[in-house]
Amino acid sequence: MNDARDALVVVEDATKTFTTGRLEVRALRGISLEIHEGDFLALVGPSGSGKTTLLNLVGALDRPTGGVVRVLGRDLSTMKKSARAELRLRELGFVFQAYNLVPVLTAVENVEFVLELQGLGASARRSRALEVLAELGLAELADRRPNELSGGQQQRVAVARAIAARPKLVLADEPTANLDGASAEQLMALMRRLHDEHDVTFVFSTHDPRVVAHATRVVTLVDGKVSSDVEKERDAA
Amino acid sequence: MTGTVTMRYALRSLRRNLRRSILSVAGVAFGVGIGLIALSWVRGEETMSINAAAAGGVGHLRIAPLGWNERRDVELRIDGWSDALARARALDGVAVATPRARVEGLLGLGTRSAHVELTGVDPTTEQAALRHVRALSEGRYLAAGEHGEIVLGRTLARRLGAALDDELVATAVDATGEMSNLLLTVVGIAETGSEDIDAMIAHVALADVETLSGRPGAGEITILAEDVYALEALAARLGPLVPAGSELLTWLEVAPELRMNLESDGAFFDLAVGIILFVVLLGVASAQLTGVLERRKEFAVLAALGMRARALVAVVVVEGLVLGGASALGALAWAGPSVRKLNVDGVNLGALMDSSEAGYSFGGLLFDPVFHPDFGAWLVPHAFALALTATILASLYPAWFASRTDPANALRVDR
């Protein structure tokens, strides 16, 4: 799909094969895709279609077996592990299906953690973390640990963690899968607000048609290939 | 370390499985405590050996002719010995410096005789340098300026059937190869409690040995330091005062069997402590690895968020350091009082050794039967050094394992 906007991610004929013993699983079979600044992109498809594998590549968590994946202009296949870690730290944010907050840290500490890894000073990172939590309506929950939060609250903290470092691209793997309908709606509304007000580019995988309704672009994967890539109008919230 | 949140993460992670952390600390504390007791034993043994050597005639330092230490040739003499003796006695830090000369010969009384090594001494300083003749069981010690007198050990006196005021005939081969004789009156009998040592004591005036051997001068100058912990510094200052043709020896060089004994004991204890610490280390490594494996997903998330491998390593190592610090305190808490009690009460080795009330002899030296393991501030740094070394080493494999975490695992959902 061609687009005049800047491409944050370029995937060209990417393949990914996993080998387990004698078994070879071809998770991606030659995918080409561009992700542009401002996208609010939903990756959809049945289980095993390659959504998570593609997110791993786009998120610089993994390298392709074949083809090219360029994230923010950098070719993953030539990057060392540490350089990919640096890229993730500085430019990308992640929201996970199972929230994956650090259980021994409070909400604000979870958000601070990423800022600390970026090298921010103690007071700067604390005020930034509190500011982001407040923006997401979590100010009063800042000192609670994950086990003291509901699923929806945990996922909002995870979003706060993902956007606190002001990444260019946020990747979310089935972010609403563990949430009830109302919490899922709240989360998507939040992500939409961040996208609209702060120009954060989102890519999320999902099975949930209610989530897809929020997307402005839907890429469908089937058997490790892109079967459709459609720009669409956002459904009414 | 990347900062305070990382530190808090490491510390709170230890509290997640408190029982495992406590067991790890207890294991290391036990191993380190055993190590501290072993160390206190070895250090106590070293102190006891220094004291036994110093008071047993070996001294802390000794000026001897070159070649004496290899051949133990009693015929060798120190050139310029009297100047060297005067300079040594004038040196700060020297408690006693005493000259000796020896000659091998026969002592005879009536129909009895015994092969002896007669020791010629300076009566004014010898008793301060040699504990064996400090208090005699009969008679008196040699007097300054007097000749033709002898002090015998009890065993030797018994062999000769000698008593106070008996006249013994000493016979030796002099420097020209001729036989020389001297009449010696028994003025004192020493009794240390050790048969071995009492069989060797035959003290006469230095001048009498010079006469018998036909070799003027002293064959050794034995020096006792005021502060045994400043021996190296004293040796450095004494070195330049040693006359040409002689050398300065330490007590370990003069008494090599003692050195070997100390070294073998030290090696045995090192090995035993090493084995204990290694077993403890494996246990801690296993516990830490379990902790890392339990957090594999968490580490994958941290790696996905951009935490570098070295920061993950730092988290695991910090956990090891905290365990190590707590273990050191635990080791000090149980082993410290134990060592203190051993130090104060002492350990009576009399039951283990063939010893008398006065002690047991080894290498011609008399050791106290009650042995006092060492106790002091050194326990604290040693406890931390041992515990931290064990826990840091135990952390390395789990830390390496953590650093290999695949961040792609973060997106996989455990079902």
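The values are calculated or read from the model by the stated rules, or taken from the named source; none is laboratory data. Since the structure is predicted, the reported quantities are computational estimates derived from the model, not experimental observations. All Cβ positions, glycine included, derive from the backbone under ideal geometry; neighbour counts span all protein chains shown. Surface areas here come from the heavy atoms of the whole protein model, side chains and all, with no ligands, DNA or RNA. Shrake-Rupley method; radii C 1.70, N 1.55, O 1.52, S 1.80 Å.
For the reader, a short list of remarks on this structure follows.
- Rounded to the nearest 0.05, the FRET efficiency derived from the C-beta distance between residue A:24 and residue A:196 at R0 = 41 Å is 0.45.
- Protein-only accessible surface at a 1.4 angstrom probe places the residues B:197, B:275, B:392 in the order B:275, B:392, B:197, largest first.
- Charge-dipole axis of chain A as Lys and Arg at +1 and Asp and Glu at -1 on Cβ define it, positive-most pick from A:221, A:11, A:206: A:11
- Chain B: most fluctuating residue of B:304, B:218, B:114 per GNM, C-alpha cutoff 10 Å: B:304
- Each of B:255, B:156, B:243 was scored by the projection of its Cα onto the charge dipole of chain B, and the greatest displacement toward the positive side belongs to B:255; charges sit on the C-beta of Lys, Arg, Asp and Glu.
- Probe 1.4 Å - accessible area at residue B:403, Å² to nearest ten: 20
- Rg ratio (alpha-carbon, reference 2.2 N^0.38 Å) - the stretch B:67-244: 1.05
- Using a 1.4 angstrom probe on protein heavy atoms only, the contact between B and A buries about 2700 square angstrom of accessible area, both sides summed.
- Of the DSSP H helices in chain A, those whose Cα atoms cover at least 18 Å axially and whose Kyte score averages -0.5 or more: A:122-135, A:151-164
- Debye log10 I(q)/I(0) for the stretch B:57-119, one point scatterer per Cα, at q = 0.17, 0.23, 0.24, 0.29 Å⁻¹: -0.72, -1.04, -1.09, -1.32
- Among B:70, B:149, B:167, residue whose mean-square fluctuation peaks in a GNM of chain B (springs only between Cα atoms under 10 Å): B:70
- Site pair residue B:115 and residue A:74 shows an inter-label distance of 8.6 nm when each label is modelled 7 Å from Cα along Cα→Cβ.
- Working note: Debye formula, equal point scatterers on the alpha-carbon atoms of the protein assembly as shown, no solvent; log10 I(q)/I(0) at q = 0.09, 0.11 Å⁻¹ is -0.79, -1.02.
- Whole-percent P(r), chain B, all Cα pairs, 20 Å bins from 0: 22, 37, 22, 14, 4, 0.
- Taking all protein chains as they are arranged and a probe of 1.4 Å, the heavy atoms of residue A:54 leave approximately 0 Å² accessible to solvent.
- With all pairs of different C-alpha atoms in the average, the Kirkwood value for the hydrodynamic radius of chain A is 18.2 Å.
- When the residues B:115, B:382, B:60 are ordered by accessible surface, computed with a 1.4 Å probe over the protein chains alone, the sequence from largest down reads B:115, B:382, B:60.
- Helical mean residue ellipticity (222 nm; -39500 (n - 2.57) per DSSP H run of 4+; nearest 500) of the protein assembly as shown: -14500 deg cm²/dmol
- Expressed as a whole percent, the accessible area of the protein assembly as shown that falls on carbon and sulfur atoms is 55 (1.4 Å probe).
- For the stretch B:306-326, residues shielded by at least 30 square angstrom of accessible area compared with the chain on its own, probe 1.4 Å: B:306, B:307, B:308
- Size of electric dipole in the protein assembly as shown: Cβ of Lys, Arg +1 and of Asp, Glu -1, about Cα centre, debye, nearest 20: 3820
- Helices that extend 24 Å or more along their long axis by alpha-carbon positions and average at least 1.0 on the Kyte-Doolittle scale are, among the DSSP H runs of chain B, B:256-294, B:309-345, B:379-403.
- Relative intensity, log₁₀ I(q)/I(0), of the stretch B:152-244 from a Debye sum that treats every alpha carbon as a point, q = 0.23, 0.24 Å⁻¹: -1.10, -1.14
- Computed over the stretch B:229-280, the percent of Cα pairs more than 18 Å apart is 56.
- Surface accessible to a 1.4 Å probe, per residue, for the residues of chain B, Å²: 44
- Per-pair calculated FRET efficiency, R0 = 51 Å: residue B:378 and residue A:150 via Cβ, rounded to 0.05: 0.35
- Estimated FRET transfer efficiency (residue B:290, residue B:310; beta-carbon r; R0 22 Å; 0.05): 0.50
- Residue A:13 - accessible surface, heavy atoms, 1.4 Å probe, Å² rounded to 10: 90
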